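Participant: The structure under discussion is supplied below as structure tokens; questions concerning it will follow.
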Amino acid sequence: MTELIKVTKIMKTTPIPISSKIFTKKDLKRISKIFIDEHKKCCDNDNQRAVLNFSWTLEDGSLLQTESTEILEENNETLDNEKTTRLRFSFYDLKENRDITLSLIQARFNASEILISSDNKEWSCSIIHSFHEALKYVKTQNNFFYKYKSSISNILLVINSIISFLITAYLGILKPNVPFYLSIITLFTVTYLGYLFIVKPINNLLLYKLWSSIEFDFGPEDKKVEKCKRKKTLWWLKWIGGTLIGGSIIGAIGSLIAWKLTK
């Protein structure tokens, strides 16, 4: 007697990490079409076990949920009046064991991704390709400071250490009879103060607090915290840079005039 062996299908979940992106409503509309198209296929095949959901979490903690993307239309002001902090698009096909979940969180750390689950490899590959194509049109955070923030931070630490060593060495030349242990204490003190008052503020201000890994470029302008901080910081940098350059030019002109008068 032949024993029948039941073969269990294995679902595989494939993640697509998302980071360093700025999403507009147009981008989300393009991505949502993948979810809508899959749900429409199920409806056309009389599949009643397919579920489609779009949800937005607002700054005040309230949740908006819908089965359509009318909220993403340009003439719909729902998302323009409130700040969105996270969103979630999901499609579940319980009949064919197919799941798609998009989770975007506006944060400085990488916590956004797309999850595609299915026991059908061909279907999964097709969906993955569709998402990669859609994500190509999303603007990337390509600012120099954001792109190389880790390297810049390390360089600042090295520069701080070198300057601290030079200051300690210079003080040692001025005071040659100072005990060695006091020189070591001075080195650590100067290094720590340089980190506390120079390196750390630069890291926090320019490298880590002005950009989020994911940003939503819709909603009230005054609620786009990182964008507002970038504008203010840029204004101050221009003002400081202009003052320094202007002062240098005036100083050079003054020195030139003084030199001419003394000839």
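The values are calculated or read from the model by the stated rules, or taken from the named source; none is laboratory data. Everything numeric in this text was worked out from a predicted model, so none of it was measured. Heads up, the Cβs are rebuilt from the backbone with ideal geometry, glycines too, and the neighbour counts pull from every protein chain shown. Accessible surface areas use protein heavy atoms only, side chains included; no ligands, DNA or RNA. Shrake-Rupley method; radii C 1.70, N 1.55, O 1.52, S 1.80 Å.
Participant: In the structure displayed, which of 9/139; 21/121; 21/95; 33/95 lie more than 32 Å apart, Cα to Cα?
Facilitator: Check vs 32 Å cut-off fails for 9/139; 21/95.
Participant: OK, next. Would you mind getting the accessible area per residue of the stretch 32-185, heavy atoms of the protein chains only, 1.4 Å probe, in Å²?
Facilitator: 62
Participant: Sticking with this structure for a sec: How about the stretch 31-94: which GluC sites (Glu not before Pro) there lie in a loop by DSSP and see at most 11 other Cβ atoms within 10 Å?
Facilitator: 67, 74, 77
Participant: Does the stretch 9-48 come out rounded, prolate or oblate, given a ≥ b ≥ c as the square roots of the eigenvalues of its C-alpha gyration tensor, rounded meaning a/c under 1.5 and, failing that, prolate meaning a/b above b/c?
Facilitator: oblate
Participant: Grab the Cα-Cα distance for residue 129 and residue 169, subtract it from 0.36 nm times how many residues apart they are, and report the gain in nm with one decimal.
Facilitator: 8.5 nm
Participant: Right, next: Percent of accessible area on the stretch 23-142 owned by carbon and sulfur, 1.4 Å probe?
Facilitator: Carbon and sulfur together cover 45 percent of it.
Participant: Which residues in the stretch 80-116 place their backbone N less than 15 Å from a point set 7 Å from the Cα of residue 64 along the Cα-to-Cβ direction?
Facilitator: Only 80-89 pass the distance filter.
Participant: Report the label-to-label distance for residue 142 and residue 14 in nanometres (one decimal), using points 7 Å from each Cα along the Cα→Cβ vector.
Facilitator: Here the modelled spin labels are 2.6 nm apart.
Participant: Just how large is the dipole of the stretch 18-126 about the Cα centre, in debye to the nearest 20, putting +1 at every Lys and Arg Cβ and -1 at every Asp and Glu Cβ?
Facilitator: It comes to approximately 360 debye.
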